[in-house]
Amino acid sequence: MGLDGPEEAPGGRNAPLHRGLWRHWGSPAAIYGTIVYASVVAAASGQDDDQASAVRLLVFSVVSIVVFWLAHVYSTALGFQGETTGGTRVRDSVRHALRESGGMLEAAVVPSIPLVLAALGVLPPDFGVALALWLAVLMLALLGYSVFAVRGRPVPICLLGAVVTGAFGVVVILLKSALQH
């Protein structure tokens, strides 16, 4: 097993498909990105429950995850430069870093949907925040499950992976509740 995920998909079939899914949705960057995005949403959401605050929260959260993503791409590119001898070209390092870091941005898409709906006035802002955070927990659980499932682990191990990974999102929600009430 390499850094890119499993070398062989369960049963040997569809290995490129499984590696492609791993690269984005099962990657450490996707898990990290989901936790970071949920943390930013939780920390930046406040007592204000109006449409203007929902817009500010959405903009702040999206800008924050883009900044974290850029920092992740930069640090990954720097790290890739140091891994090889013979002088890897900067372009190759950046390309590698973009492939490795894509899941971090993609992780923000699903939890952003209720924030967008709240910013548009379709959902109440507090409900949009709660839904975004619980969607992040669900995503984390699915990511935790898939990391083990793509490696062909037994279902109980996959479920344990889902519970442990989802627990990070629950901790974010508990911290938000503790700090804002």
statement: On the formula 1/(1 + (r/R0)^6), with r taken between the Cβ atoms of Q180 and Y74 and R0 of 30 Å, the FRET efficiency rounded to 0.05 is 0.40
- prompt: Summing Lys, Arg as +1 and Asp, Glu as -1, what charge do residues with Cβ under 15 Å from the Cβ of F127 carry, F127 excluded?
  reply: -3
Local electrostatic count, Q180, Cβ distance below 14 Å [Lys/Arg +1, Asp/Glu -1]: -2
Between the range 56-76 and the range 128-150, the alpha-carbon center distance in angstrom: 19 Å
message: I'd like to know how the range 45-181 sits against the 2.2 N^0.38 Å rule of thumb: what's its Cα Rg over that expected value?
response: 1.28
field: Total formal charge among the other residues, if their Cβ is under 13 angstrom from that of G46, Lys/Arg +1 and Asp/Glu -1
entry: -2
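Throughout, read-outs are computed from the coordinates displayed, never taken from laboratory work. Keep in mind the model is a prediction, meaning the values are calculated, not measured. Every residue, glycine as well, gets a Cβ built from its backbone with ideal geometry; the counts of neighbours run over all protein chains shown.
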